[in-house]
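Undergrad: Dropping the structure in here first, questions after.
Values in this text are rule-based calculations from the coordinates and carry no lab data. The model shown is predicted, which means the values in this text are computed figures rather than measured ones. Positions of Cβ are backbone-derived with ideal geometry, glycine not excepted, and every protein chain shown enters the neighbour counts.
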């Protein structure tokens, strides 16, 4: 009887260990890719650039090899050489601009020209002036809500 109970306990332990080992090997969890895309979302950008007639073969090769760091670097270099190809970011609303202007004024920054453009109803000019301000004062650009995102360019 004791021998039978030892065999049953051994079988139960073996079964539990087997299930645990199988569950470890069966887990297929991967870190979430940047931007929710397997290649960081580069595929659509590169496809659009290719359709516009740009040679993006080096960037595509980096994407195909899974080297997203190199793809990002090459894409940044490409946009530096071809600023006209860089996608335009959406315009900010008057409310967004007013909030940013107020925050900069509270920091003691001179944003009179931006404020004047916004007060005149020209959000496009206000945003352009804000972009110029950030270009000249990169430390004043607010951090994006998600630290893995780049701030608007």
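Undergrad: So how do 101, 13 line up by other beta-carbon neighbours within 10 Å, fewest first?
TA: So the ranking, lowest neighbour count to highest, is 13, 101.
Undergrad: From the Cα gyration tensor of the stretch 36-85, with a ≥ b ≥ c the square roots of its eigenvalues, which class applies: rounded if a/c is under 1.5, or else prolate if a/b is larger than b/c, or else oblate?
TA: Prolate shape, in that a/c is at least 1.5 and a/b is the bigger ratio.
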